[in-house]
Amino acid sequence: KKVNTLVYFGSGGHTTEMIQLIRNLSDIKYNPIHFVLSETDSTSKSRIDRTECKFATKAIYHTVRRSREVKQSWITTIFTSILSLIDCFLLICRIQPDLIISNGPGTCVFLCLSAYLLKVLRIKDCKIVFVESFCRVKTLSLTG
């Protein structure tokens, strides 16, 4: 059975970790595969292409707004988070993935929350695989 898969790439180290995580997935079973990047992430797409990720040419790319940029004030984060939640909810409603794979960047919370809402409403039952960042060895991240 094919699994409609959504993979969220954070920037920097999260992208490198995610590429390692999905490296051995079957490109036949996990198909279609949707790669979600944040609008302001200028490096993840090229990093995915450079690593010769077998999904790079098959993936359907999407962008969403980040819930919070690095060093953004907490007050303005309220507004950007609302916009990010709307982006994520609309994307999840459109794709209706069977599986979400994430390794913890903050915006993934809204993707997972949106998928959970569809499950509660009995629209789509989506499995969520959350892998804590490899660098977290003693405590969970805020997302975790």
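Descriptive notes on the structure:
- Calculated FRET efficiency, Ile75 to Thr43, Cβ-Cβ distance, R0 = 25 Å: about 0.35 to the nearest 0.05.
- Probe 1.4 Å, accessible area per residue of the chain, Å²: 57
- Residue among Ser67, Ser38, Ser46 with the largest mean-square fluctuation in a Gaussian network model of the chain, springs linking Cα atoms under 10 Å: Ser46
- Each of Ala115, Cys88, Val64 was scored by the projection of its Cα onto the charge dipole of the chain, and the greatest displacement toward the positive side belongs to Ala115; charges sit on the C-beta of Lys, Arg, Asp and Glu.
- The chain, helix-only ellipticity at 222 nm - DSSP H runs n ≥ 4, -39,500 (n - 2.57), divided by all residues, nearest 500: -11500 deg cm²/dmol
- Overall, the anisotropy analysis places region 1-84 in the prolate class: the square-rooted eigenvalues a ≥ b ≥ c of its C-alpha gyration tensor yield a/c not less than 1.5, with a/b exceeding b/c.
- Links that overshoot a 18 Å alpha carbon limit, given the list Lys29/Lys58; Lys29/Lys119; Lys58/Lys119; Lys1/Lys124; Lys1/Lys29; Lys29/Lys127: Lys29/Lys119; Lys58/Lys119
- Distance (nanometres) between label positions extended 7 Å along Cα→Cβ at Thr63 and Leu113: 2.3
- Protein-only accessible surface at a 1.4 angstrom probe places the residues Val7, Val70, Val109 in the order Val70, Val109, Val7, largest first.
- The reciprocal of the average 1/r between distinct C-alpha atoms defines the Kirkwood hydrodynamic radius, which for the chain equals 15.4 Å.
The values are calculated or read from the model by the stated rules, or taken from the named source; none is laboratory data. In this text the structure is predicted, and so the values were computed from the model without any measurement. A quick note on method: Cβ atoms are made from the backbone with ideal geometry, for glycine too, and the neighbour counts reach across all protein chains shown. Surface accessibility is based on the protein's heavy atoms, side chains included, excluding ligands, DNA and RNA. Shrake-Rupley method; radii C 1.70, N 1.55, O 1.52, S 1.80 Å.
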